[in-house]
Amino acid sequence: LFFLARLIRVGPMLSKVLSNLQLSIVSVLLLAVTVSTLRVLQVSDFHLDVDYNRKGDPQKMCHISSPSRASRLDANADLGSYGDYMCDSPESLVRFAIDETVRVSNGDGKLDLVLWTGDNTPHIDGYDENYVVNAITKTTSIIKSVFPNTPVLPTFGNHDYSPANAFDSNVTLYERSFELWSDVILGADNEQFFKSGGFYYYDYKGARILVLNTNLYYNVNNAYGDFADQTDPAGQFKFMEDTLEQATKCTDAKKCFSTVHIVTHIAPGVFERSPNFQWYRPEYNKRFLDITQKYASHIGWMIFGHHHTDTFHVVRDDSGAPVQTMLMAPSVTPWFSSLPGAGSNNPAFRLFDTYDIDKRHAYREITTYAIDLSRLNAGKQPEFAPLYSHTLEYQMPGLTPQDFDDLINRMLKDDNLFYKYIANNAVLVDLNMPVEPYRSAQFCSMQHADFDKYDDCMKSSFALYTIIPTVVILFSRLFL
C-alpha cells in the first residue's frame, strides 16, 4: 500500500492513509488478542452552520441566512457540498462525520462512550440564544440517533453561547441544555452543578468523569466582570478539588472511585501555532495546573478540543518531571483561523482504546481518523480513514506522560519525526515545516502549559519573540 501510494499521483492525505492503513490493522489486531479494552470516541468542534450555502462567499463564511442575499448569488459559483476550507461545517459534513464514527467503531458502532467536546455554533456574528440551542439540539439529535445505547457526554464550547465568549453562572442556556442532556446528568447534585455552571460528573466503569465548563476561564470571556466570585467562577474549582480529594480516600475500587478523568473544551496552556497566545486568564491557568499537579496520580484522561488542531501539553511537577498529559483533538469543521500561524484543517475525529479500570483506563492506543475535504467534495475519497495512531506513528512504547515527554525530546533532535507531528497537527492541510518563532512555539507549548515556564522556554529558544503582540489579543475574539 505504501509503495502504491508513491507510484500513483495522489494527495498527501490519501498517500498517508494508504501507508498507515496496514499498521492500523496490525494495531487493532493486537488490541483484540490481548487483555480487554474499552473504546471511546471523541468528536469536537462541529461548528454546524445550517445556513452554509454552496454559492456563498468563502470570505464571508459561506453563510447566507437572508433570502434577499440568496437571490443575488452568482449562479455559476459552486462550493463543495461538504464544505469549504474557509468556512464552517454544513449539516451534510456533520452527518457524514458522525455516520463515519459508527462505521469505524469496530465496524458495528459499538462504543463504550462518546466524548463530545463542544462548539456546535458557527463562527458568525449576530446570533441569539435560540440559534445556539437549535444548533445544540440538532447535533444532539444526530449523535443520539446513531448511538442510542451509548452514553454521550457533551460539554459546551466557547461559541455555544450568545454572544460567543460570555459564559457566566446560572444562565438560561444551562436550563435549556439540561433538558437535552439529562440522560447523562444524573442526580439532584449533578443537576445543580450543571444549572449553576454548565459542568457535571458521570460515573463510568469504576471511574468518575468530570465534564467541565472551562469557557468560564477563557481570557476573552466577556462575562468576567459579572462573576459573583472571580476567584472560582460557579464554584467549579471547588468541584474539581472536592472530587479529586474524594478519589484519594478510596480504598476499595468496588465501592468508590480512585480515578478521575477530565473532559472539557478549552485546555490550559498556549496555542501551539500562534506564539504567546494564551487561552486562560493567568490566575485560572495557574489554579487549574496546581490542581492537576497535586492530584496527578489520581487523574486518568485529560481530553480537550478547541484548538481545531492535533497536539498535546505535558504537565510537570515542581522538579520538572512529567506527571500528566493534556490531549487536544482536531475538529470536524475545516474553518480557516486567521490567527498568526494558524489556518485550516481537514475534518477529523479520534478513537481511544484504553485498558479497563484495573489499570485506571490508561491509554493503549489513540487513533485519529480524517478525510481530505477536497477529495470528499470531488467524490474521490468516500470515507474517513486512519490518519495515524500514536504508538505506531511516533514509535512510542506507551502513552504515559513520560512517553509524551520523551517524544518531545526526540522531535527536538529529529526533524523527520517532528515533520510527522507537523503534518498531523493541521491534519495534512499545512505541510510546511515551521520557522521561528513558530517552531519554538510548537515545542514550548507541548513542553509547558504553565505560562511562566512557556515564556522562559520561548526566551531561551528565540529571544526576539517574547512580547505578546497586541494584534493577537484583537484576533482572539474571532478565534475558535
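The values are calculated or read from the model by the stated rules, or taken from the named source; none is laboratory data. Note that the structure is a prediction, hence the values are computed from the model and not measured. Note that each Cβ is placed from the backbone with ideal geometry, even for glycine, and that neighbours are counted across all protein chains shown. Side chains included, ligands, DNA and RNA excluded: accessible areas come from the protein's heavy atoms. Shrake-Rupley method; radii C 1.70, N 1.55, O 1.52, S 1.80 Å.
For segment 412-465, the spread of Cα coordinates along the three principal axes comes to 31, 20, 20 Å, biggest extent given first.
Dividing the radius of gyration of the alpha carbons in segment 374-424 by their Kirkwood radius gives 1.15 for Rg/Rh. Within the straight-line cut-off of under 27 Å between alpha carbons, the lysines reachable from K138 are K55, K60, K110, K195, sequence neighbours fewer than 8 places apart in one chain being disregarded. Counting only Cα atoms, segment 145-226 measures 39, 26, 20 Å along its principal axes, largest extent leading. Normalised by 2.2 N^0.38 Å, with N the number of residues, the alpha-carbon radius of gyration of the chain equals 0.93. Computed from the alpha carbon atoms alone, the convex hull of segment 252-353 holds 126 Å³ per residue. Peptide packing: for 394-404, 86-96, the average count of neighbouring Cβ atoms within 10 Å per residue gives the ranking 86-96, 394-404, highest mean first.
Across all directions, the average projected area of the convex hull around the alpha carbons of segment 358-460 is 8.6 nm².
Along its principal axes, segment 215-297 has C-alpha extents of 44, 33, 18 angstrom, given from the largest down.
Scanning the chain for long hydrophobic helices, with DSSP H runs required to stretch 30 angstrom or more by C-alpha along their axis and to average at least -1.0 on the Kyte-Doolittle scale, returns 12-33. In this Cβ point-charge picture (+1 for Lys and Arg, -1 for Asp and Glu), segment 187-335 has a dipole of about 280 debye about its Cα centre. Protection proxy ranking of 151-162, 230-241, by the mean of other Cβ atoms within 10 Å over each peptide's residues and highest first, is 151-162, 230-241.
As a fraction of the 1.4 Å probe accessible area of the chain, surface on carbon and sulfur atoms comes out at 53 percent.
Grab the eigenvalues of the alpha-carbon gyration tensor for segment 311-411, scale each by 5, take roots, and send me the semi-axes largest first in whole angstrom.
29, 18, 12
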